[in-house]
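Contents: one structure, followed by commentary.
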Amino acid sequence: NLLEQTPRGTPVSLGVDVALEDAVRKGEDLILNREYDEALLFFEDVDANYKDSALGAVGKVMVYQAKMLENGDFAEEKSFDAAVKIAEKKLAKALDDPGEEVWDRMLTGGFHGVRGMHAMRKKKYWTAIDDGWEALSLMKWVKKKEPDLADTYLGLGAYDYYRSAMTSNVSW
């Protein structure tokens, strides 16, 4: 249980409400435990309680992608696309506003990574490359700023995996 392992949030200050940090861990737990319906309800609640935060929308993007990956389908694509549009708007606004730069870039990097994975599965290689590169750039920035933030290493590892294993069937 990630929330129990990190009861006070991350080991570095992200400059954001600790409840949002805890929400990341709880949401990750729900997704990793394949409790997708509960995760969607949870991220809806995050949206309702933190209207300016992109976390709820990004969380829903991750839930829909996890479900589709597990099932090997695109059954949640309409919901995925709707959540992507909301997340894009909220993340763009967050990146434009001063403060919380590490948090905003971490969320945005995760968003681009998940969207890039989806594009790769759809064989939209240029979109996947663009999103993957954006995710990589953001995660490298976060790692440089906060080297003790483990989430960054997860993002960088996922990038390395997709860049190598998932592209092995792409001839170019």
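The values are calculated or read from the model by the stated rules, or taken from the named source; none is laboratory data. Since the structure is predicted, the reported quantities are computational estimates derived from the model, not experimental observations. Here the Cβ positions follow ideal geometry from the backbone for every residue, glycine too, while neighbour counts run over all protein chains shown. Ligands, DNA and RNA are excluded from the accessible area calculation, which covers all protein heavy atoms including side chains. Shrake-Rupley method; radii C 1.70, N 1.55, O 1.52, S 1.80 Å.
Using a probe of 1.4 angstrom and keeping all protein chains present, the accessible surface of the range 13-119 works out to 48 square angstrom per residue. Of the whole protein surface, residue 127 contributes about 70 Å² of accessible area at a 1.4 Å probe radius.
When the alpha carbon coordinates of the range 10-162 are projected onto the principal axes, the ranges are 38, 32, 27 Å, largest first.
Anisotropy class assigned to the range 11-64 is oblate, per the alpha carbon gyration tensor with a/c at or over the 1.5 cut-off and a/b no larger than b/c. Label positions at residue 45 and residue 141, each projected 7 Å from the Cα along the C-beta direction, are separated by 3.2 nm. Any idea how far apart residue 122 and residue 148 come out in nm if each label point goes 7 Å out from Cα toward Cβ? My value for the distance between the label points is 4.0 nm. Note on residue 97 and residue 19: their simple-model spin labels are 1.5 nm apart, each label 7 Å out from Cα toward Cβ.
Within the accessible area of the range 101-155, the carbon and sulfur atoms contribute 58%, probe 1.4 Å, all protein chains present.
Cross-link pairs exceeding 22 Å in C-alpha to C-alpha distance, out of 93/123; 89/144; 60/90; 67/124; 122/145; 26/122, comprise 93/123; 89/144; 122/145; 26/122.
The overall shape of the range 75-160 is oblate: from the C-alpha gyration tensor, with semi-axes ordered a ≥ b ≥ c, the ratio a/c is 1.5 or greater and a/b is no larger than b/c.
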